[in-house]
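The values are calculated or read from the model by the stated rules, or taken from the named source; none is laboratory data. The structure presented is a predicted model; accordingly, all values stated were derived computationally and were not measured. Every residue, glycine as well, gets a Cβ built from its backbone with ideal geometry; the counts of neighbours run over all protein chains shown.
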Amino acid sequence: MKIKALKGFKDVIPGEVELWQYLEKVARDVFGRYQFSEIRLPVLEETALFARSIGEGTDIVEKEMYTFVDKQITMRPEATASLLRAYIEHGLGVQKPVQRLFTIGPMFRHERPQKGRLRQFHQLDAEIIGSASPRVDAELIAMAALLLAELQLSVSLELNSLGCPACRPAYRALLLEFIAARLDGLCDDCRRRSATNPLRVLDCKVPGCRERIVDAPAMAMHLCGDCADHFSGVQQALDLLGITYRLNKFMVRGLDYYCRTTFEFITTDLGAQAAVAAGGRYDGLVGLLGGPEQCPGIGFAMGMERLVLLLQQQPAPALPAAADLAIAAVGEEAVLLAFPLAQELRAAGFRVAMDHEGRSLKAQMKQADKSGAARALIIGATEVAAGYGLLRDLRGEGQQEVALNSAALADALL
RNA sequence: GUGGGCGUAGCUCAAUAGGUUAGAGCACCUGGUUGUGGCCCAGGAGGCUGGGGGUUCAAGUCCCCUCGCUCACCCCA
């Protein structure tokens with residue numbers, strides 16, 4: 001029986017990994033422009049960290065976590081909890097009251113895999129901790145938008161506010177009343193949700209349910225004064241930056257910790273998994289995890305698999321050539337001369353390919369061409385005797401003689 | 001956890017109503033060119049047809065089971 005990767009776990013092999021590297025490069029660059037610092041976090045945490053932050057009743061905590069039950073530790077299903085744990089543990093807010101942090105890495109959820117959804121998946125995660133300013137919300141959203149734009153991806157932005165502990169209970173009661181009045185017209189899932197997570201009824205996909213809830217009370221219309229001010233502040237700031245968005249009063253979040261601003265970048269090109277990035281504000285979560293009370297925060301996560309799927313649907317970005325030089329040496333003498341030459345050129349910073357299988361010149365040239373090398377250096381008995389190799393342009397046709405020493409070759413390659 | 005679709009070469013796919021030795025394209029290797037890549041031509045290698053059981057003179061093809069992949073629901077990035 002052949003051993004294969006686990007269900008929902010994938011290898012990223014050469015040919016595909018370049019796109020991931022490109023994605024990470026662009027992301028790091030954009031994050032840097034907004035003054036975010038990278039933080040690297042462990043993949044395992046105490047189970048309690050996620051139970052407390054994400055919420056005991058959520059699907060993630062209830063049935064999707066990879067947990068070592070005997071050790072009370074869990075492979076992270078998302079990054080925010082771990083990041084805040086580290087923020088608190090190292091007192092990062094003390095030196096710098098407003099911290100901008102990002103992290104990149106794998107997350108784990110035991111779900112049934114489908115397009116754009118794996119059990120080990122990867123996220124780009126950015127958080128701003130310590131500021132309640134609505135401009136921070138807008139700036140964070142603008143950063144995500146800029147990153148997606150630089151990746152040439154066309155997505156749309158949806159925005160909503162979930163209120164806060166001051167105004168949500170009253171709204172929730174209002175919504176429950178609305179749902180209870182038309183419960184028998186809703187699907188089975190919605191009946192269940194009305195008890196467990198009534199907000200979820202709002203984004204049910206069943207057409208019949210949608211019809212019945214079109215005039216449901218919207219959280220955004222029942223915000224308390226502070227939340228309403230904040231929400232309009234976010235919208236004004238987004239307008240100021242020229243970020244276009246659509247208010248979606250039915251957009252809710254799956255994790256308990258969100259409050260006020262929530263947003264999603266969605267696409268129509270990924271089947272059912274429409275969200276490529278999502279996030280929101282989580283004022284109070286830092287306090288909940290044992291950090292300073294009243295510490296506000298906001299962040300987003302982007303699904304890298306989903307971004308890669310989108311990137312694969314469009315023309316490939318220009319990626320650097322695989323090699324600067326491929327050496328084709330024929331005969332023992334030539335090989336013994338070429339081998340240390342390759343080492344010297346590599347030490348000098350060039351990417352050099354060289355075959356050690358004793359293959360024919362033709363085979364080596366063919367390999368050189370396929371490898372994407374810009375040029376080939378041909379060395380045979382004649383060249384060894386003369387002290388000159390043939391430097392051939394693989395993009396065009398010409399070739400020239402170059403002295404067989406690393407200095408001369410380095411010059412010729414530049 | 002629930003449903004649908006699909007499993008044949010590394011990849012994408014063929015294989016007439018069950019019928020000899022399971023084919024093609026791409027990729028790979030060799031040669032055509034004793035030392036020159038791309039284009040072309042010729043040849044080669046590569047498969048327990050996912051696995052197991054059953055029906056049959058005969059199964060890639062029909063039946064059952066199982067495993068895997070995939071899409072969707074749920075949920076979510």
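Just a few scattered comments:
- Counting residues in the stretch A:295-310 that are closer than 20 Å to A:LEU153 by Cβ, of a type in the set (Asp, Glu) and within 10 Å of RNA strand B (Cβ to nearest atom) gives one or more.
- Qualifying position, being closer than 29 Å to A:VAL26 by Cβ, buried (at least 16 other Cβ atoms within 10 Å of the Cβ) and either free of Cβ contacts under 8 Å to residues at least 60 places away in the same chain or among the acidic types (Asp, Glu) (or both), among A:ALA321, A:ALA353: A:ALA353
- Near pairs, Cβ below 8 angstrom, 6+ apart or cross-chain, from the stretch A:357-385 (within 6 Å of RNA strand B (Cβ to nearest atom)) to any residue that is outside any loop (DSSP other than H, G, I, E, B) and among the β-branched types (Val, Ile, Thr): A:LEU361/A:ILE378; A:MET365/A:ILE378
- Listed conditions (1) under 25 Å from A:ASP137 (Cβ atoms); (2) within 13 Å of RNA strand B (Cβ to nearest atom); (3) outside any helix (DSSP H, G or I); (4) in contact (Cβ under 8 Å) with a residue 40 or more places away in the chain are all met by A:ASP283, apart from (2).
- Checked against the criterion of being in a loop (DSSP other than H, G, I, E, B), over 18 Å from A:ALA149 (Cβ atoms) and of a type in the set (Ser, Thr, Tyr), the stretch A:228-250 has no qualifying residue.
- Hits in the stretch A:180-201 - residues which are free of Cβ contacts under 8 Å to residues at least 12 places away in the same chain, aliphatic (A, V, I, L, M) and touching a helix residue (DSSP H, G or I) at 6+ places or on another chain (Cβ under 8 Å): A:LEU183
- Among the residues of the stretch A:89-108, those that are loosely packed, with under 15 Cβ neighbours inside 10 Å and within 25 Å of A:LEU44 (Cβ to Cβ) comprise A:GLU89, A:HIS90, A:GLY91.
- Some residue of the stretch A:152-160 being among the acidic types (Asp, Glu), under 33 Å from the mean Cα position of the chain (by Cα) and not in a helix (DSSP H, G or I): yes
To keep it simple, each residue is scored yes or no on (1) β-branched (Val, Ile, Thr); (2) away from RNA strand B (no atom under 13 Å from the Cβ); (3) buried (at least 21 other Cβ atoms within 10 Å of the Cβ); (4) without any contact (Cβ under 8 Å) to a residue 12 or more places away in the chain.
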residue	(1), (2), (3), (4)
A:HIS110	no, no, no, no
A:GLY116	no, no, yes, no
A:GLN120	no, no, no, no
A:ILE128	yes, yes, yes, no
A:ALA132	no, yes, no, no
A:VAL136	yes, yes, yes, no
A:LEU140	no, yes, yes, no
A:ALA145	no, yes, yes, no
A:LEU148	no, no, yes, no
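Per-residue answers, yes or no, for (1) of a type in the set (Asp, Glu); (2) more than 23 Å from A:ASP125 (Cα to Cα):
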position	(1), (2)
A:GLU211	yes, yes
A:PRO217	no, yes
A:LEU238	no, no
A:ALA277	no, no
A:GLY303	no, no
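- Condition broken by A:ASP283, with the remaining ones in (1) under 30 Å from A:PHE178 (Cα atoms); (2) acidic (Asp, Glu); (3) more than 27 Å from the chain's Cα centre (by Cα) satisfied: (3)
- When the helices (runs of 4 or more DSSP H) confined to the stretch A:330-414 are screened for residues that are in contact with a Leu (Cβ under 6 Å, 6 or more places away or on another chain) and either under 22 Å from A:PRO14 (Cβ atoms) or at pLDDT below 95 (or both), those reaching at least 2 such residues are found at A:406-413.
- Residue in the stretch A:264-280 that is farthest from RNA strand B (Cβ to nearest atom), counting only those that are small (Gly, Ala, Ser) and not in a loop (DSSP other than H, G, I, E, B): A:GLY280
- Considering residues of the stretch A:330-350 that are among the small types (Gly, Ala, Ser) and more than 10 Å from RNA strand B (Cβ to nearest atom) only, the residue surrounded by the most Cβ atoms within 10 Å (Cβ to Cβ): A:ALA338
- Filter result for A:PRO198 (under 23 Å from A:GLU62 (Cα atoms), not basic (Lys, Arg) and not assigned by TED's automatic domain parsing to the domain that holds A:ARG260): yes
Here's the yes/no breakdown for (1) closer than 18 Å to A:GLY280 by Cβ; (2) within 16 Å of RNA strand B (Cβ to nearest atom); (3) of a type in the set (Phe, Trp, Tyr):
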residue: A:ARG192; (1), (2), (3): no, yes, no
residue: A:ASP203; (1), (2), (3): yes, yes, no
residue: A:PRO207; (1), (2), (3): no, yes, no
residue: A:GLY225; (1), (2), (3): no, no, no
residue: A:ALA228; (1), (2), (3): yes, no, no
residue: A:PHE231; (1), (2), (3): yes, no, yes
residue: A:LEU240; (1), (2), (3): no, no, no
